[in-house]
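Shown next, in structure tokens, is the structure this report addresses.
The values are calculated or read from the model by the stated rules, or taken from the named source; none is laboratory data. Everything quoted here is computed from the prediction, not taken from an experiment. Cβ sites come from the backbone with ideal geometry, for glycine too, and all protein chains shown count toward neighbours. Protein only, heavy atoms only, side chains kept; ligands, DNA and RNA dropped before computing areas. Shrake-Rupley method; radii C 1.70, N 1.55, O 1.52, S 1.80 Å.
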Amino acid sequence: MLRIGIDAMGGDFAPDAVVKGVVQAIPELDTESRVVLFGDCERIKQLLAAEGYEGDRVDIVPTTEVITMEDHPAKAYQAKSDSSIRVGFRYLKERKIDGFASAGSTGAMMVGVTFAVGSIDKVIRPAISAAVANATGGYTLLLDVGLNVDCKPDVLYQYGVMGSVYARALWGMAHLRVGLLNIGEERSKGNLATKAAHEMMENSERFNFVGNVEGRDFFTGKKADVIVCDGFMGNVLLKAAESLRYIAKARKIDDDFLDRLNYEIMGGTPVLGINNVVIIGHGNSTVYALKNMVLQVEKNIKSGYVKDLKKAFATFE
């Protein structure tokens with residue numbers, strides 16, 4: 001049995017949108033998968049009844065507190081011991097669930113990752129990754145997208161390992177191409193960190209490094225399947241990609257590629273390099289996004305990528 005942990009109180013439209021998203025996701029989950037909701041028990045029951053859900057694949061873990069977007073993440077995580085996020089992480093640590101996701105406070109989620117999950121041995125810094133649509137009809141994996149705004153060369157190198165292992169597990173691609181985001185294709189381009197990272201990556205046998213890639217290569221999908229960068233640049237690039245869809249919609253432009261830039265399709269972004277599956281959703285996630293967040297957690301758990309990452313990093317010196 002696979003148990004998908006979801007923070008019912010996380011996000012701008014919680015718990016209503018979360019419960020609706022769960023109800024819509026259940027028919028698409030494997031029959032052996034269950035959803036474990038953390039939050040206001042009576043409210044969740046009312047919402048399930050309002051949605052006409054009469055199945056038996058939702059478990060509710062009652063909690064009495066919520067970590068809000070206005071709370072200080074670390075202080076609130078410590079003080080609100082019965083919050084939906086903290087209890088969810090406790091269940092994850094105790095292996096009562098197989099993965100956990102929330103559209104609530106990103107800061108509190110990362111505090112939970114640190115205290116309850118922890119990094120895989122020899123991982124210097126975890127990363128948040130995002131799959132972004134490209135023009136080939138597939139997706140490009142970008143990491144980091146906001147967790148570490150400054151990265152040393154060895155951290156960027158490890159991102160190449162994390163990204164290639166994760167993308168292979170999720171997408172089943174045998175010959176993934178890993179590129180390093182830079183201001184030019186030449187190996188001499190970039191700052192000290194990217195130059196040193198390039199040297200480390202081009203001599204690696206852990207992944208298929210194709211060299212530097214530029215911003216113009218991001219959407220084509222022709223040069224790299226995984227693009228590595230620091231969290232500052234990754235976040236800027238990700239938000240710029242998301243804005244293209246909003247502009248297209250505002251201008252009433254109907255285009256399949258631009259439609260696929262909708263963040264709701266993925267439902268959330270996984271934290272890579274840690275000992276379990278944790279997915280973080282947008283704070284303004286809609287019912288559709290939350291439905292896909294549930295499906296993403298199941299897909300990530302089933303892929304076995306955490307085990308693959310542990311195996312890959314076990315050989316690091």
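Which of the pairs Lys223/Lys302; Lys122/Lys189; Lys152/Lys195; Lys96/Lys307; Lys152/Lys189 have their Cα atoms more than 20 Å apart in this structure?
Values: Lys223/Lys302 28 Å; Lys122/Lys189 29 Å; Lys152/Lys195 11 Å; Lys96/Lys307 18 Å; Lys152/Lys189 16 Å.
From the list (Lys223/Lys302; Lys122/Lys189; Lys152/Lys195; Lys96/Lys307; Lys152/Lys189), the Cα-Cα distance tops 20 Å for Lys223/Lys302; Lys122/Lys189.
What FRET efficiency comes out for the pair Lys152/Lys307, r = Cβ-Cβ distance, R0 = 25 Å, nearest 0.05?
Details: r = 27 Å, r/R0 = 1.07.
It comes out at approximately 0.40.
Report the extension gain between Phe257 and Thr64 in nm, rounded to one decimal, defined as 0.36 nm multiplied by the number of residues separating them, less their alpha carbon distance.
65.2 nm
How would Leu258, Leu143 rank on accessible area, largest to smallest, probe 1.4 Å?
Leu258, Leu143
Averaging over every viewing direction, what projected area does the convex hull of the Cα atoms of the stretch 171-317 cover, in nm²?
Working: hull surface 41.9 nm².
For the Cα atoms of the stretch 171-317, the hull's average projected area reads 10.5 nm².
For the stretch 262-317, how big is Rg over Rh, using alpha carbon atoms and the Kirkwood form of Rh? Each step should come with its number before you reach the end.
Details: Rg = 13.2 Å, Rh = 12.1 Å.
Ratio value, two decimals: 1.09.
Assuming a viscosity of 0.890 mPa s and a temperature of 25 °C, what translational diffusion coefficient in µm² per second does Stokes-Einstein assign to the stretch 1-115, Rh being the Kirkwood radius over Cα pairs?
Translational diffusion coefficient: 175 µm²/s.
Determine which residues of the stretch 168-203 fall in the zone a paramagnetic label at Glu317 would reach in this model, i.e. backbone nitrogen under 20 Å from the point 7 Å along Cα→Cβ.
Flagged as within label range: 196-203.
Please give the length that would be gained between Phe115 and Lys222 if that part of the chain were fully extended, namely 0.36 nm times their separation in residues minus their C-alpha to C-alpha distance (nm, one decimal).
Working: separation 107, 0.36 × 107 = 38.52 nm, distance 3.95 nm.
Separation in residues times 0.36 nm, less the Cα-Cα distance, equals 34.6 nm.
In terms of solvent-accessible area of protein heavy atoms at a 1.4 angstrom probe, what is the ranking of Phe13, Phe100, Phe209, highest value first? Each step should come with its number before you reach the end.
Details: Phe13 110, Phe100 0, Phe209 35 Å².
Output order, biggest surface exposure first: Phe13, Phe209, Phe100.
Round to the nearest 0.05 the FRET efficiency obtained for Arg125 and Glu54 when R0 = 45 Å and r is the Cβ-Cβ distance.
On the way: r = 45 Å, r/R0 = 1.01.
So, using R0 = 45 Å, E works out to roughly 0.50.
Roll a 1.4 angstrom probe over the protein heavy atoms and tell me the percent of accessible area of the chain that is carbon or sulfur. Can you show the working numbers first?
Working: 7290 of 14270 Å².
Ligands and nucleic acids excluded, carbon and sulfur reach 51 percent.
For every helix of n ≥ 4 consecutive DSSP H residues, a contribution of -39,500 (n - 2.57) applies; sum these over the chain, divide by its total residues, and give [θ] at 222 nm rounded to the nearest 500 deg cm²/dmol.
Values: 11 runs with 124 residues, N = 317.
Counting only the DSSP helices, I get -12000 deg cm²/dmol.
What number, in nm² with one decimal, is the all-direction average of the projected area of the convex hull of the alpha-carbon atoms of the chain?
Values: hull surface 65.6 nm².
Spelled out: convex hull of the Cα atoms, projected over all directions, averaged, 16.4 nm².
Given a 1.4 angstrom probe, what's the average accessible area per residue across the stretch 75-123, in square angstrom? Don't jump to the answer; show the numbers that get you there.
Working: 1980 Å² over 49 residues.
Roughly 40 Å² per residue, with all protein chains present.
Within 10 Å of each candidate Cβ there may be at most 12 other Cβ atoms; applying that plus a DSSP loop requirement, which GluC sites (Glu not before Pro) in the stretch 171-205 survive? Could you put the intermediate results ahead of the total?
On the way: sites: Glu185, Glu186, Glu199, Glu202, Glu205; in loops: Glu185, Glu186, Glu205.
Listed in order of number, the matching sites are Glu186, Glu205.
Would you pull out the residues with amide H under 5 Å of Asn208's amide H, same chain only if 5 or more places away, H placed 1.01 Å from N?
Amide H to amide H, under 5 Å and 5 or more residues apart or across chains, Asn208 pairs with Val178.
Using θ = phi - 60° and the Karplus form 6.51 cos²θ - 1.76 cosθ + 1.60, what ³J(HN,Hα) does each residue of the stretch 141-148 get, whole Hz, x for Gly and Pro?
Those phi angles translate into 8, 10, 7, 8, 10, x, 7, 10 Hz.
Give the Debye-formula value of log10 I(q)/I(0) at each listed q (0.16, 0.21, 0.23 Å⁻¹), with one equal scatterer per alpha carbon of the stretch 107-210, two decimals each.
-0.78, -1.25, -1.40
In nm, give the distance between the simple-model label positions of Glu202 and Phe232, each being 7 Å from the Cα along the Cα-to-Cβ direction.
Each label point lies 7 Å from its Cα, and together they span 2.5 nm.
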